[in-house]
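Here the structure is laid out as structure tokens; the discussion comes afterwards.
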Amino acid sequence: MTTKDTVTLTDNATGKQIELPVLRGEDGPAAIDVRDLYRELGYFTYDPGFLATASCQSALTYIDGNEGILRYRGYPIEQLAQHSSYIEVCYLLLYGELPVSAELETFTRHITRHTMLHEAMRRFMSAFRHDAHPMATMVGVVGALSAFYSDSTDVHNARQREISAHRLIAKMPTIAAWSYKHSIGEPFVYPDNELGFTENFLRMMFAVPTEAFEPDPRFVRALDLILILHADHEQNASTSTVRLTGSSEANPFAAISAGIASLWGPAHGGANEAVIRMLDEIVAEGRPVQHYVDRAKDKNDRFRLMGFGHRVYKNYDPRARIIRKVCHELLISLEPGNPNQALFDVAMELERIALQDEYFQERNLYPNVDFYSGIILSAMGIPLNMFTVIFAMARTVGWVAHWMEMMSDPKARIGRPRQLYVGYGARDYVPLKARRERPA
Ligand SMILES: CC(C)(COP(=O)(O)OP(=O)(O)OC[C@H]1O[C@@H](n2cnc3c(N)ncnc32)[C@H](O)[C@@H]1OP(=O)(O)O)[C@@H](O)C(=O)NCCC(=O)NCCS
């Protein structure tokens with residue numbers, strides 16, 4: 001018997017049939033190509049939340065949630081975390097291959113050369129309210145980049161697309177650090193192009209003009225790892241937002257600022273912040289950690305352990321496995337008397353109890369990447385309101401790479417989902433005087 005790579009769909013109301021092609025990728029579930037469905041049978045497909053819909057083809061990142069697999073351009077995240085650097089991962093995501101030495105050197109030089117912001121942007125940033133949330137500043141400033149760098153906004157010009165990509169990756173740490181400096185009233189620290197990407201960010205965030213600053217190498221490595229682990233995660237909400245925004249041929253700065261806005265939501269980028277808020281609350285209340293584990297298991301209590309479980313990784317989160325080790329090493333190396341010690345103790349106790357608990361074991365609920373990244377960022381002295389900003393900085397390369405992939409595809413079309421209309425049927429306009437009052 002010969003097998004065909006098609007699926008036949010029968011309309012049971014009319015008996016009409018359509019044979020739909022099956023598209024097979026390199027890995028993962030195949031997809032039914034439904035593009036002819038509306039023309040042939042007059043139906044749309046209905047899938048709110050895109051639970052079973054592939055919105056595009058992509059060669060960037062592969063995830064298998066059941067097996068706990070994450071790969072960038074085919075390379076397992078474990079290998080990249082162990083051997084690579086964030087700047088090299090940026091090259092890999094953008095260009096598809098690991099760079100040879102000369103390519104990495106040139107790319108690093110290009111990124112380094114673009115770290116400064118136009119001086120008018122510095123004044124623009126100073127105009128935000130003194131207590132502006134750094135994410136609010138970031139969304140606005142990235143959107144405004146197109147007002148300062150309009151010479152690279154022709155989306156049909158491949159070279160201009162590349163320059164914009166480099167500008168976005170390079171300027172994001174400066175924007176992130178300055179958003180923070182503005183929120184605490186300290187002077188902006190200019191980038192130092194002698195430093196690596198991650199060191200430079202830490203210096204712009206923590207240095208003051210009056211004192212010498214030496215970044216702690218443990219923090220540089222831990223942050224570089226967090227950036228690698230968050231660099232891309234295929235078609236999540238913010239990446240899909242960037243693709244949809246960019247599909248109308250909006251300029252890349254506008255598209256990335258739309259992605260940042262999407263990431264800002266607590267259901268997306270705010271998870272590690274929620275972990276620290278929960279740990280703070282546990283420390284403040286002073287009850288045993290077991291009390292919160294019991295509450296999380298109680299079906300009549302809405303309380304959940306933040307940083308446990310994942311929508312995609314149902315077995316384990318490969319990023320969590322990598323970062324857990326670094327988190328433990330970092331906490332052990334911290335000097336005694338650390339102001340966050342009580343919080344770290346609660347975190348480790350929570351991890352220990354939950355990992356041994358039947359409820360969590362049966363449901364495969366393990367601490368996820370946000371649990372550990374929240375703790376690491378706290379240990380580095382990074383304030384809560386910067387957590388999502390750092391996530392945005394890391395994810396910028398993923399957003400940009402997806403945007404580049406879409407824009408260089410000659411078959412790319414504007415994204416335009418359909419809907420199932422459930423509102424009123426047609427009805428006649430009623431003049432104002434003839435309208436009946438609505439009961440209060
Ligand atoms: C991430 C999350 C939304 C995934 O949710 P999901 O895929 O819809 O999983 P479900 O809500 O169906 O959970 C499956 C089971 O585990 C339980 N569960 C899931 N996460 C839990 C948690 N953090 N604490 C306690 N119980 C949890 C659910 O109550 C459910 O139990 P049941 O089968 O007895 O009803 C969820 O695990 C969660 O809310 N985690 C905490 C928030 C968080 O860390 N988010 C960041 C993720 S990046």
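The values are calculated or read from the model by the stated rules, or taken from the named source; none is laboratory data. Everything numeric in this text was worked out from a predicted model, so none of it was measured. Because the Cβ atoms are built from the backbone with ideal geometry, glycine has one as well, and the counts that use them run over all protein chains shown. With ligands, DNA and RNA removed, areas are computed over all heavy atoms of the protein, side chains included. Shrake-Rupley method; radii C 1.70, N 1.55, O 1.52, S 1.80 Å.
Normalising the Debye intensity of segment 271-379 to I(0), with uniform scatterers on Cα atoms only, and taking log10 at q = 0.10, 0.13, 0.22, 0.23 Å⁻¹ returns -0.26, -0.45, -1.32, -1.43. Of the beta bridges DSSP finds with both residues in the chain, what % are antiparallel, to the nearest 5? Percentage antiparallel, nearest 5: 100.
Projecting the alpha carbon convex hull of segment 65-172 along each direction and taking the average yields 9.5 nm².
Dipole size in debye (nearest 20) for the chain around its Cα centre, Lys and Arg Cβ +1, Asp and Glu Cβ -1? Present the calculation step by step, with values, prior to reporting the outcome.
Numbers: 46 positive and 53 negative charges, 347 e Å.
That gives the chain a dipole magnitude of about 1660 debye.
Quick one: grab the alpha carbon gyration tensor of segment 202-337, order the square roots of its eigenvalues as a ≥ b ≥ c, and give me rounded if a/c is under 1.5, else prolate or oblate depending on whether a/b is larger than b/c. All intermediate terms of the calculation are to be shown ahead of the outcome.
Working: a/c = 1.95, a/b = 1.13, b/c = 1.72.
It is oblate, given that a/c is not under 1.5 and a/b is not larger than b/c.
For the cross-link pairs K181/K314; K181/K299; K171/K325; K16/K314, which exceed 32 Å when the distance is taken from alpha carbon to alpha carbon? List each step's numbers first, then the result.
Working: K181/K314 39 Å; K181/K299 43 Å; K171/K325 30 Å; K16/K314 39 Å.
In this structure, K181/K314; K181/K299; K16/K314 exceed 32 Å between Cα atoms.
Report the chymotrypsin sites (Phe, Trp or Tyr not before Pro) located in segment 345-440 that are in a DSSP loop and have at most 16 other Cβ atoms inside 10 Å of their Cβ, or state none. Answer by residue number: Y421, Y424, Y429.
The Cα-based radius of gyration and maximum Cα-Cα distance (Dmax) for segment 117-208 are 13.6, 42 Å. Can you bin segment 6-54 into rounded, prolate or oblate? Criterion: square roots of the alpha carbon gyration tensor eigenvalues sorted a ≥ b ≥ c, rounded for a/c under 1.5, prolate for a/b above b/c, oblate for the rest. The shape class here is oblate. Beyond 42 Å, what percent of the Cα pairs of the chain remain? Taking all Cα-Cα pairs of the chain, the fraction more than 42 Å apart is 23 percent. Each part reduced to its alpha carbon centroid, segment 164-216 and segment 224-302 end up 23 Å apart.
Which number comes out as Rg/Rh for segment 339-424 once both Rg and the Kirkwood Rh are worked out on C-alpha atoms? The partial results should precede the final answer.
On the way: Rg = 20.9 Å, Rh = 17.4 Å.
Result: Rg/Rh = 1.20.
Helix 197-206 axis versus longest C-alpha principal axis of the chain: approximately 60°, rounded to the nearest ten.
Farthest towards the positive end of the charge dipole of the chain, among the residues L98, I87, S146, is the Cα of S146, using unit charges on the Cβ of Lys, Arg, Asp and Glu. Figure note: Y316, Y292 ranked by solvent-accessible area, largest first, 1.4 Å probe, ligands and nucleic acids not counted: Y316, Y292.
Would you work out the charge dipole size for segment 271-379 about its Cα centre, treating the Cβ of every Lys and Arg as +1 and the Cβ of every Asp and Glu as -1, and quote it to the nearest 20 debye?
Working: 15 positive and 17 negative charges, 99 e Å.
My answer is approximately 480 debye.
So what's the back-of-envelope 222 nm ellipticity for the chain, counting only DSSP H runs of four-plus at -39500 (n - 2.57) apiece and dividing by all residues, rounded to 500? Provide the component values of the computation, followed by the final result.
Numbers: 18 runs with 224 residues, N = 440.
Roughly -16000 deg cm²/dmol at 222 nm, from the helical runs in the chain.
Taken over segment 58-112, the alpha-carbon convex hull comes to 77 cubic angstrom per residue. Any idea what the dipole of segment 1-85 comes to, in debye rounded to 20, about its Cα centre with Lys/Arg Cβ at +1 and Asp/Glu Cβ at -1? Computed charge dipole of segment 1-85: roughly 160 debye. Prolate is the label for segment 1-157, because a/c, from the alpha-carbon gyration tensor with a ≥ b ≥ c as root eigenvalues, is 1.5 or above and a/b exceeds b/c. Using the Karplus relation 6.51 cos²θ - 1.76 cosθ + 1.60 with θ = phi - 60°, the per-residue 3J(HN,Hα) values for segment 281-297 come to 5, 4, 4, 5, 6, x, 7, x, 4, 4, 4, 6, 5, 5, 4, 5, 8 Hz, with x marking Gly and Pro. For T6, the amide hydrogen comes within under 5 Å of the amide hydrogens of V22, counting only partners 5 or more places away or on other chains and with H modelled in the peptide plane.
Just want to confirm a number: the relative contact order over the chain, from Cα pairs under 8 angstrom separated by 6+ residues, in percent. Show your work: numbers first, answer last.
Values: 564 pairs, mean separation 85.6, N = 440.
After rounding, I find 19 percent.
The C-alpha atoms of the chain define a longest principal axis, and helix 252-263 lies at about 80 degrees to it.
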